[in-house]
Structures are given as C-alpha cells and as structure tokens.
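See structure below.
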Amino acid sequence: MDAAANPFPRVFCIGRNYAAHAREMKSEIPESPVVFTKPSTSIVRPGRIVQYPKHGSSLHHEAEVVVQIGRAGQAHSREDAQAFVGGVGLGLDLTLRDVQADLKQKGLPWEKSKAFDQSALLSEVTAYSKELDLHDIDFSCRVNGDLRQEGNTVDMLFDVERLIVEVSAIWSLLPGDLMYTGTPEGVGPLEVGDRVTVESGILGTWSWEIG
Ligand code: ZN
C-alpha cells in the first residue's frame, strides 16, 4: 500500500462486543469496550489474495461491521456520536488464534496475533445516511459457501454511538478512521485455498481468497 495515499489513518477494533462470542472464547463480558488497533497497512480491499501468515497456524475469521469516521474530533454524547459516522462497511478481523492464546496466557500485547500484514479485510464502504439503522444490520460470513457466522448489530454489547464516545475520549478521531465493531459467535479457522465471504443485504457481498 502507498502510505502517502492511505485514506484510513487508523484502524480501531473492538473485542468481545457480542456476548455469545465472548462466551465461546471463555472471556469475561466486558464492562467497557475492549479496544485494540491495527496499523492501516494491514488493510486488504476485496478481490485481493490474502497470504496465510507464517508466524502462526490457526488463522481465524472474525466477520464484523466496520464504521468509517467522517469527521475530526471527540463525541461527547450519543447524540454527537452519530454525526461522526461517515460510512459503513463489512470486514474481517483476521486473528491468529494460537498466537493470541499464547500471548494472553503470558499477559503480553495482542499485536502479533491481530495486527499483522493483511489482517484487516475491508469491503467497499457505503455512505451513511439516517435510513441506515446502525442497530439493525444483519451480516454473515461464509467459507467456501458454508455459513460460519451470522450476526445482527442489535446484539452488540456496546452500540456504535457508545463506541464512538468511548474511543474518541482517548483517541481524538480523524476522518477516514475505521472502527471494526466486534464479531458474533462462530469464529473458526481458514485454510490456504479457502474463499471467505462477508455479506449483508444492506452492505453487499465481499470475498477474499486465502493464498
Ligand atoms: Zn474482532
């Protein structure tokens, strides 16, 4: 990626934002959003081949709704927050689960398991308008056509407005920033040769091949 032309200054990701996924990971339900970041150089647009990383052996798909921030600054209230939503898309927060388990056990940061090259798959982004209900977006993930994950943003523990308020209190937002809003249950492994697809009636259908 040409860094100078990068339209996405930062990639924020929310962990454990769906209760059923937190349970399948045997993680506690958080009391405030779990936030981590990926470098924007980890973004892969649709249609590109994603190379299976060499430093792990359990690459998991996490299908997520992605919010693109449309303006700079901090949202001080839920009412403020909606004005920060510039667009909405779908993405995959690719995770090396074996590496993550090892890092978690040692109490170390997650970057090696979450923030590696090509770990942030990103669809085209649909411009946000009020008709798009952020609290009722159905989405799914298929691998080679088999349904693996199904979710709806109504099940988020912390909704988009709350996430924008909480994240912007710590990182003043910039136009183009992305927020991966968490994954529902059903995460699982990808293998070389697999085709992973994220789909939403509202946001389209987007695929990547694992090479
Ligand atoms: Zn995730």
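The values are calculated or read from the model by the stated rules, or taken from the named source; none is laboratory data. Remember, it's a predicted structure, so these values are computed and weren't measured experimentally. Methodologically, a virtual Cβ is constructed for each residue, glycine included, from the backbone with ideal geometry; neighbour enumeration extends over all protein chains shown.
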### Query
Where residues in the range 61-82 are of a type in the set (A, V, I, L, M) and within 16 Å of the ligand (Cβ to nearest atom), which of them is nearest to VAL187 (Cα to Cα)?
ALA63
## Note on the structure
Of the residues in the range 20-42, those that are crowded, with 18+ Cβ neighbours inside 10 Å, modelled with pLDDT of 95 or more and under 22 Å from PRO189 (Cβ atoms) come to LYS38, SER42
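Conditions (1) without any contact (Cβ under 8 Å) to a residue 12 or more places away in the chain; (2) touching a helix residue (DSSP H, G or I) at 6+ places or on another chain (Cβ under 7 Å); (3) more than 20 Å from GLU150 (Cα to Cα), marked per residue:
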position	(1), (2), (3)
LEU92	no, no, no
THR95	no, yes, no
VAL99	no, yes, yes
LYS104	yes, no, yes
TRP110	no, yes, yes
ALA115	no, yes, yes
### Query
Do we find that GLY193 is free of Cβ contacts under 8 Å to residues at least 40 places away in the same chain and either in contact with a helix residue (DSSP H, G or I) (Cβ under 8 Å, 6 or more places away or on another chain) or not in a strand (DSSP E or B) (or both) in this structure?
yes
### Query
Do any residues in the range 171-187 that are more than 14 Å from ARG23 (Cα to Cα) have Cβ atoms under 8 Å from those of residues that are part of a loop (DSSP other than H, G, I, E, B) and within 9 Å of the ligand (Cβ to nearest atom), where the two are at least six apart or on different chains, and which pairs are they?
THR181/ASN17
### Task
Please indicate, with yes or no, whether at least one residue in the range 144-151 is away from the ligand (no atom under 16 Å from the Cβ), part of a loop (DSSP other than H, G, I, E, B) and surrounded by fewer than 21 Cβ atoms within 10 Å (Cβ to Cβ).
yes
### Query
Does LEU134 count as crowded, with 16+ Cβ neighbours inside 10 Å, in contact with a strand residue (DSSP E or B) (Cβ under 9 Å, 6 or more places away or on another chain) and assigned to a strand (DSSP E or B)?
no
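To keep it simple, each residue is scored yes or no on (1) touching a Pro at 6+ places or on another chain (Cβ under 9 Å); (2) among the hydrophobic types (A, V, I, L, M, F, W, C).
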position: PHE36; (1), (2): yes, yes
position: ARG45; (1), (2): no, no
position: LEU92; (1), (2): no, yes
position: ALA115; (1), (2): yes, yes
position: LEU122; (1), (2): yes, yes
### Query
Counting just the residues of the range 159-170 that are surrounded by fewer than 19 Cβ atoms within 10 Å (Cβ to Cβ) and touching a residue at least 40 places away in the same chain (Cβ under 8 Å), which one comes out farthest from THR37 (Cα to Cα)?
ARG162
### Query
in a loop (DSSP other than H, G, I, E, B), of a type outside the set (A, V, I, L, M, F, W, C), touching a strand residue (DSSP E or B) at 6+ places or on another chain (Cβ under 8 Å) and surrounded by 14 or more Cβ atoms within 10 Å (Cβ to Cβ), is that true of GLY91?
no
### Message
Within the range 100-112, does at least one residue satisfy the condition of being under 14 Å from the mean Cα position of the chain (by Cα) and assigned to a loop (DSSP other than H, G, I, E, B)?
### Response
no
